[in-house]
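Everything below concerns the one structure shown next.
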Amino acid sequence: LIVFLSIRLIRLQFTFPQETATLRIPYAIPYSILFFGFLCMSIRTVQDTVRLIRETGLRAFAFALLLCSAFISPLWLMELETTPVLIGSLFILMFLGVPIAVSLGLAGTFAIVASGFLQLNVVGQTAYNALDSFPMLAVYFFVLAGIFMGKGGLSAQLIGLADLLVGGCTGGLAMATIVACMFFGAISGSGIATVAAIGAIMIPMMVQEGYNKYYATALACVAGGLGVIVPPSYPLVLYGVTCNQSVGDLFIAGLLPSCVVGGILIVINYFYCKKHQLKGENRFSIKNAAHAWWDAKWALVMPVIILGGIYSGFFTATEAAVVVYGIVVGFFIYKELRLIRCWEIFRDNAAFIAGTMFIMCPAKATGSVFAYLNINEIISNFLFSISDNYYVVMLMIFIIMFFVGMFIQTTPAIIILAPTLLAVVSQVGCNPVHFGIILDLALAIAFVTPPVAMNLFVGSSLTGISIDKITKAEMPLLLGLIIAFFVVAFVPAISLVLLGG
């Protein structure tokens, strides 16, 4: 569908030529990205289909075609309400195991067909607009910077510092894991990268010191969620771009809430370790702490450069994300980076970028359908029919985001729901920046709630422990995240005090 619609867009550019403002490039060239990108994906889909036909036989293929025809035939044979078509088809497709991006695209397309007045051209145009975003570059580069920092040896220095600071307390090694995740989150902006970088080192160390392997893995997965809470955070960048809010203000507002989350996790871990008699090994001393700070200085300077440059107005969030500091330190100071490793890092990050962009295209299109159908007002009226009390509304939004996050990844969840929910909370006096932090915390919880729990997938791949066992072990820590959410949501000053609010 998008290949076909992109041909329309390109043909229109030849009929009514337009050029980019600065470089004067004909718009037919950037529009061709849609054509070639989705053409390649279409070819791969055909290849996979042929392979499946060979494996399962023509009878199964014919039955699948019959099911698909039965599924979509009501759109042309009956008059259906657009909103139930959009919501219903989205959840049915996800229940059937259709990839999130494809489910979003198909649900939006079905809704357009059912509406009778919307044009399919909306899908092609909004798919391009989703990719044509300068601030979105910050997401990709922050994740890339975090990977370089981890591969370049900086994560080990941060772990050493965290261990010396809190390692002597009851449950000190686990506390050091939480603190190290906070440090690493300040340079990566990614929960997945934080779990991978810190968990790979700390989980074996905790198990060796007598920690339950399920709890150690769960702790690394949950604490890894701090990667998307401690600024810079890529969900905050997405929210800022989607809802037209200052990314710099969101980063400042996220500082204290991230400390609240980390503090609550440390308290829960303390009581767990006290119950199981897990004592720390390293005793705190000013001399050792000073040495640890000095050893980790190259890692600690990174967030200072990024956040200090943004807050001072020296560069934007996107420009800050392209800081090559991590590469320089990894190559020339710690000397743990090699050219072959750089190729692997760029390759893996390219896969992440492609996956994110693929999700963004249909998510943006479906978000536009939400706007056209005025679903924002429908949801707003539904919530306010229950209550217009600030605390009740926040509770309902938490419930919505909790369940949405269990099934939908962070990027489409923010693009589709953030504008809708922001319109709701604005009516009960919630500051848009504060709401961005609330949304970020809710999605951080979603990173560790199956079935779509990316942090748990990473933890499982690191240890070989099944998702269900990690989920069972993480329950006290998950409760801590939920408590932190309501503390931050119900006390706006935690987010806004550094902004003077």
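Quick notes on this structure:
- Subset tally (residues that are in a loop (DSSP other than H, G, I, E, B) and open to solvent by 100 Å² or more (accessible area, probe 1.4 Å)) for segment 70-84: 3
- Every condition in (1) out of contact with any strand residue (DSSP E or B) (no Cβ under 9 Å at 6 or more places or on another chain); (2) surrounded by 13 or more Cβ atoms within 10 Å (Cβ to Cβ) holds for Leu67 except the one numbered (2).
Table: residues versus (1) touching a strand residue (DSSP E or B) at 6+ places or on another chain (Cβ under 8 Å); (2) of a type outside the set (S, T, N, Q); (3) open to solvent by 10 Å² or more (accessible area, probe 1.4 Å); (4) at pLDDT 85 or above.
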| position | (1), (2), (3), (4) |
| --- | --- |
| Val179 | no, yes, yes, yes |
| Phe184 | no, yes, no, no |
| Thr194 | no, no, no, no |
| Ala200 | no, yes, yes, no |
| Pro204 | no, yes, yes, yes |
| Glu209 | no, yes, yes, no |
| Tyr214 | no, yes, yes, yes |
| Ala218 | no, yes, no, yes |
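- When the criteria are applied in full, Val113 meets the requirement of being of a type in the set (A, V, I, L, M, F, W, C) and more than 30 Å from Leu265 (Cβ to Cβ).
- Residue in segment 113-136 that is farthest from Leu93 (Cα to Cα), counting only those that are under 20 Å from the mean Cα position of the chain (by Cα) and either among the hydrophobic types (A, V, I, L, M, F, W, C) or open to solvent by less than 20 Å² (accessible area, probe 1.4 Å) (or both): Phe134
- Of all residues in segment 401-418, those being crowded, with 17+ Cβ neighbours inside 10 Å and either without any contact (Cβ under 8 Å) to a residue 24 or more places away in the chain or over 23 Å from Gly355 (Cβ atoms) (or both) number 1.
- Whenever a residue of segment 434-448 is of a type outside the set (Gly, Ala, Ser), its partners that are open to solvent by 10 Å² or more (accessible area, probe 1.4 Å), lying with C-beta atoms within less than 6 angstrom and at least six residues away or across chains, give the pairs His434/Pro492; His434/Leu496; Phe435/Leu422; Leu443/Thr410; Ile445/Leu481; Phe447/Met454.
- Breaking point among (1) assigned to a helix (DSSP H, G or I); (2) in contact with a helix residue (DSSP H, G or I) (Cβ under 7 Å, 6 or more places away or on another chain); (3) open to solvent by less than 70 Å² (accessible area, probe 1.4 Å), for Val50: (2)
For every residue, the table says whether it meets (1) open to solvent by 30 Å² or more (accessible area, probe 1.4 Å); (2) within 24 Å of Met206 (Cα to Cα).
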{"site": "Pro235", "(1), (2)": "no, no"}
{"site": "Ala253", "(1), (2)": "no, no"}
{"site": "Cys259", "(1), (2)": "yes, yes"}
{"site": "Asn269", "(1), (2)": "no, yes"}
{"site": "Lys275", "(1), (2)": "yes, yes"}
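- Some residue of segment 284-300 being out of contact with any strand residue (DSSP E or B) (no Cβ under 6 Å at 6 or more places or on another chain), open to solvent by less than 10 Å² (accessible area, probe 1.4 Å) and not small (Gly, Ala, Ser): no
- Of all residues in segment 375-399, those that are in contact (Cβ under 8 Å) with a residue 40 or more places away in the chain have Cβ atoms under 6 Å from Cβ atoms of residues that are not in a helix (DSSP H, G or I), 6 or more apart or on another chain, in Tyr390/Val428.
- All told, Phe447 falls short of being surrounded by fewer than 18 Cβ atoms within 10 Å (Cβ to Cβ) and modelled with pLDDT under 85.
- Elements of type helices (runs of 4 or more DSSP H) in segment 382-501, at least 3 residues being of a type in the set (Gly, Ala, Ser) and over 30 Å from Leu131 (Cα atoms): 454-463, 475-490
- Residues (within 16 Å of Asn431 (Cβ to Cβ) and among the β-branched types (Val, Ile, Thr)) located in segment 230-260: Val247, Ile252
- Options Val102, Val98; residue that is within 24 Å of Ala363 (Cβ to Cβ) and outside any helix (DSSP H, G or I): Val98
- Among (1) open to solvent by less than 70 Å² (accessible area, probe 1.4 Å); (2) part of a loop (DSSP other than H, G, I, E, B); (3) under 25 Å from Asp249 (Cβ atoms); (4) not β-branched (Val, Ile, Thr) - the single one Leu337 does not satisfy: (3)
- Evaluating Gln13 against the criteria (1) in contact (Cβ under 8 Å) with a residue 12 or more places away in the chain; (2) open to solvent by 70 Å² or more (accessible area, probe 1.4 Å); (3) more than 26 Å from Leu104 (Cβ to Cβ) leaves one unmet condition, (2).
- Against the conditions (1) closer than 18 Å to Gly124 by Cβ; (2) within 30 Å of the chain's Cα centre (by Cα); (3) of a type outside the set (S, T, N, Q); (4) surrounded by fewer than 13 Cβ atoms within 10 Å (Cβ to Cβ), Arg44 satisfies every one except (1).
Here is a yes/no grid of residues against (1) of a type in the set (Ser, Thr, Tyr); (2) touching a strand residue (DSSP E or B) at 6+ places or on another chain (Cβ under 9 Å):
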site	(1), (2)
Arg8	no, no
Pro17	no, yes
Ile29	no, no
Ser32	yes, no
Leu58	no, no
Phe71	no, no
Thr82	yes, no
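- Top-ranked residue in segment 1-10 [being in contact (Cβ under 8 Å) with a residue 12 or more places away in the chain and part of a helix (DSSP H, G or I); ranked as most open to solvent (accessible area, probe 1.4 Å)]: Arg8
- Scanning segment 85-112 for residues that are at pLDDT 85 or above and open to solvent by 40 Å² or more (accessible area, probe 1.4 Å) yields Ile92, Val102, Leu106.
- Boolean, Thr170 is at pLDDT below 85, in a helix (DSSP H, G or I) and of a type outside the set (Lys, Arg): no
The values are calculated or read from the model by the stated rules, or taken from the named source; none is laboratory data. Source: prediction; values computed, not measured. Positions of Cβ are generated from backbone atoms using ideal geometry, with glycine treated the same way; all protein chains shown enter the neighbour counts. SASA here: full protein model, heavy atoms, side chains in, ligands and nucleic acids out. Shrake-Rupley method; radii C 1.70, N 1.55, O 1.52, S 1.80 Å.
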